[in-house]
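Just below is one structure, and these are the notes that go with it.
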Amino acid sequence: MPTLEAGSSLTPTLASHRQRGFTLIELLVVIAIIAMGTAGVAFAMRDSADTQLEREGQRLAAMLESARAQSRSTGVPVNWKGTETGFKFTGLSGGNREDRWQSENVTVDAQATLNLGPEPMIAPQAVILSLKDQPDKTVRVMSDGLRPFAVVPFEPIVNPR
């Protein structure tokens, strides 16, 4: 019976055909997976200033609807007014209402006022939120008087010439 030396094999032809790396197809599959993951992350990321302003607008819309519902249920007029540091509700009974923005960077016109009831149908109203350090980034929180307050992107009206 023949014996083998240490490190030798019975089939020398198989040892010479052993792969020594990745095939081109394997490399292309890995690169495609990385590209799809990178694209997914890029699409998932939004401008933080836009997200911050959108979140403040949604929060304000929810608070306005809550105050509007309370005004309708109690029959007491409720108003909202923008201030230098945030906003103020008048006419609400009890409960601690927040009166500041979650971000120090958000601002609203200090003269802005909204009448929230107690009538079921109110006049169309809107308030514009913006960022102190980026005044061109704005959102509008508005209601047509029948529908709830909602966040709408603000596009200034340009006078055509």
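The numbers here are math on the coordinates, done by the rules we state, and not lab data. Just so it is clear, the model here is predicted, and its values are computed rather than measured.
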- Which three extents, in whole angstrom, do the alpha-carbon atoms of the range 86-153 cover along their principal axes, largest first? 38, 28, 18
- If you project the alpha carbons of the range 36-128 onto their three principal axes, what span does each projection cover, largest first, in Å? 56, 27, 26
